[in-house]
Each structure stands twice: as structure tokens, then as C-alpha cells.
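Each reported figure results from applying straightforward, stated rules to the coordinates on display, with no laboratory input. Only a predicted model underlies this, so the values are computations on that prediction, with no experimental measurement involved. Ideal geometry is used to build each Cβ from the backbone, glycine not excepted, and the neighbour counts take in all protein chains shown.
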Amino acid sequence: MEQLVSKDGRIKTLLEFGCGTARFTGWWKEIGIEATGGDLSPLLLSQAIHLFEGNLVLADSHHMPFKDHIFDALAFITTFEYHKDPVKLIREVTGQVLTPFRAGAPALL
């Protein structure tokens, strides 16, 4: 995945939703992407703050607390099995938080 993402010069900022303990959120940062982690679980985020030095947000993916169009890419790693309608979720969040000129930017699943 690193080769795929690092070769795409459009990705400078990324929102990883369902970040849990931020294991992958830290990896995004390591490869030079300004990552923000979001999760619905206070318990997992309480662990993440010790493992990730970056932005972490307690939030529901259907009600994101971000200004519109501030991320270049979205990542959902091992989270779709918890959503009733993942296709609807992708449509909602890509239209809300991805930067408009990055319409073709990836949502990494």
C-alpha cells in the first residue's frame, strides 16, 4: 500500500476513520502524510493517544466534526464490517470531507 499511496502526489492530508488504537494512523504519518484519526470508541482512542502523536477525534463517521473539503484522502481499514450501508457511508464522507479538486482522490478501504 505504501507504494500506491506514496506515488500519488495528491495525498498530503488523510482522514483515517475507525482508527482504533491508531496503529495505521501512525504509519500514514511515517510515510509523510498528515494524518488525522477518528473513531467512535472512547476506549480505543484513550489507548491511541499514547501510540500516536497527531490529531485524534472522537466522532461518528455519519456525523463528522470537520469543515468540508479539508482532506485529500480517506482511509477505512477493517471498519466496513461494522457499517450497515458502507456504500452510503463512502458517498456521504467523500462528498463532505475530501477537497473538491481532489474528486478522484482515493478512499482506501
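How do 42-54, 19-31, 64-76 rank on mean C-beta neighbours within 10 Å, highest first? Could the numbers behind the result be given before it?
Values: 42-54: 14.5, 19-31: 20.2, 64-76: 17.8.
In descending order of packing, they fall as 19-31, 64-76, 42-54.
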Simple spin-label model, 7 Å along Cα-to-Cβ: Phe66 to Lys88 in nm? 2.1 nm
With a sphere of radius 11 Å drawn around the Cβ of Asn55, what net charge do the other residues whose Cβ falls strictly inside it have (Lys, Arg +1; Asp, Glu -1)? -2
Under a crude label model (7 Å from the Cα following the beta-carbon direction), how far is Thr78 from Glu34 in nanometres? 2.9 nm
